[in-house]
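> My structure is below; once you've seen it, I'll send some questions.
Each value in this text was obtained by applying a stated rule to the coordinates, not by laboratory testing. Since this is a predicted model, take the numbers as computed values, not measurements. Reconstructed Cβ throughout: ideal geometry from the backbone, glycine too, with neighbour counts over all protein chains shown.
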Amino acid sequence: MTKVLVTGAAGFIGSHTVDKLLAVGHEVIGVDNFRSGHRSNLAGADSNERFTLVEADVSADGVLDGLVSDTLPSAIIHLAALVSVQDSIDNPELNYQLNVLATHRVAEAARAHDVKRVVFASSAAIYGNATDMPIVEEAAKLPISPYGGAKLASEAILLSHGAAFGITVRCQRYFNVFGPRQDPASPYSGVISIFDKRYRDGKGVTIFGDGQQTRDFISVHDVARANVLAATSDGIKSGWANVCTGKATSLLEVAAIFAEHYSEAPAPILGEPRKGDIIHSRGQADLIAKELGFSAEVTVKDGLSELIRLG
Ligand code: UD1
């Protein structure tokens, strides 16, 4: 059994990561300030005696240092973040605080208290408008939002601390994650969470553009498993890897799967393309297979069926 500290534990990816860690027998300390995470996401974990939840802001001075010094985890999975790209554009200062400064706090707490492993929620946003598909890890890192910039800076902060102080650091570059508990509240929320909510409410969806655009949609269950592997596998070295399926799915395909189930729903409306939208995004999934022995198992069809069943 390993003791793992998870920041952002009540969030979408955080809560699934907590569930997976508990399911395979680990002890978990979750920390969240409930800015975007929800208490209800931890309904399953709450009844587990191997789970402790702390309400705190990990970007605040001294908070993580105190927590890590009190609990001495073997690994930290750092998922707390300002998660919305649009929020980072509207408020770059807050993006700096929650997506850069908080990472520095994690790096420093790990150094000060000899935590040997840190796993970080990076993002395909570090690649910006990549045009060569699939996107390989060596692709140019030219982020086009403060969010993407902060994720890239965080990778450098953690990897350099790792090299200097003997911490194994894994930067997980998530592509388009989807699944239960993703918040559909904003127009910039993940498209699948928006479609799921609208279909459940008996409404139709709007596809921005012709629907031929594609994304590499990966189930949150797979992402949680990749996080557990990165935090607990023996014999792995510091580095980064795409967390993706390697497969592209178009929005028309996504809408068609929903429409099959919600046969009464109005047909999708094709609207104007969204400003700044990229047409295609698909990662190469080979490196994480080699380094962590991970490959995605949940197909988009199965992942959407799960959402529809839960609806
Ligand atoms: C991601 C970010 C987005 C950011 C963009 C920058 C997420 C969830 N979104 O967008 O905030 O601006 O990177 O590259 O991380 N779509 C519809 N109808 C809807 C909602 C979305 O057709 O109601 C389309 C979008 O136009 C896009 C596709 O669905 O073509 C996927 O959108 P989204 O889930 O926001 O992901 P990204 O485009 O990858």
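> Could you name the aspartates and glutamates in cross-link range of Lys197, using Cα to Cα under 18 Å and dropping any fewer than eight places away on the same chain?
Asp183, Glu253, Glu260, Glu264, Asp302, Glu306
> Which residue, Tyr174, Tyr188, Tyr96, has the most motion in a Gaussian network model of the chain that connects Cα atoms within less than 10 Å?
Tyr188
> Rounded to the nearest 5, what % of the DSSP beta bridges within the chain are antiparallel ones?
Roughly 5 percent of the beta bridges in the chain run antiparallel, per DSSP.
> So, one more: What distance in nm separates the simple spin-label points at Asn129 and Lys203, each placed 7 Å from Cα in the Cβ direction?
The answer from the label model is 3.0 nm.
> Ignoring everything except DSSP H segments at least 4 long, calculate the 222 nm mean residue ellipticity for the chain; use -39,500 (n - 2.57) per segment, divide by total residues, nearest 500.
-11000 deg cm²/dmol
> If R₀ is 22 angstrom, what is the calculated FRET efficiency for the pair Ala256 and Gln86, using the beta carbon separation as r and rounding to 0.05?
Calculated value: 0.20.
> In segment 189-269, what GluC sites (Glu not before Pro) fall in a loop by DSSP, with at most 12 other Cβ atoms inside 10 Å?
Glu264
> Choose one answer from Pro146, Pro187, Pro134: the residue with the largest mean-square fluctuation in a GNM of the chain with alpha-carbon springs under 10 Å.
Pro187
> Can you tell me the length gained on complete extension of the stretch His104 to Thr2, counting 0.36 nm per residue apart and subtracting the Cα distance?
Difference between extended and current length: 34.4 nm.
> Got the relative contact order for segment 104-162 handy, in percent, Cα pairs under 8 Å and 6 or more residues apart?
Answer for segment 104-162 is 38 percent.
> Hey, in the GNM for the chain with a 10 angstrom Cα cutoff, which one of Ala75, Ala140, Ala110 fluctuates hardest?
Maximum among the listed residues: Ala140.
> Order these peptides, 7-16, 212-221, 22-31, by their mean beta-carbon neighbour count within 10 angstrom, highest first.
So the peptides 7-16, 212-221, 22-31, ranked by packing, come out 7-16, 212-221, 22-31.
> Can you tell which of Val220, Ala267, Ala256 lies farthest toward the positive end of the dipole of segment 215-311, using +1 and -1 charges on the Cβ of basic and acidic side chains (Lys, Arg; Asp, Glu)?
Toward the positive end, the furthest listed residue is Val220.
> Give me the number: length gained by fully extending Arg35 to His280, i.e. 0.36 nm times residue separation minus the C-alpha to C-alpha distance, one decimal in nm.
85.1 nm
> With each pseudo-label sitting 7 Å past Cα toward Cβ, what's the Leu270-Ala43 distance in nm, one decimal?
Those two pseudo-labels are separated by 4.0 nm.
> When the chain is fully extended, how far beyond the present Cα-Cα distance does Ser295 get from Ala163, taking 0.36 nm per residue of separation?
Fully extending the segment from Ser295 to Ala163 adds 44.8 nm.
> Normalised by the residues of the chain, what does the relative contact order come to in percent, with Cα pairs under 8 Å and at least six apart?
Rounded, it is 17 percent for the chain.
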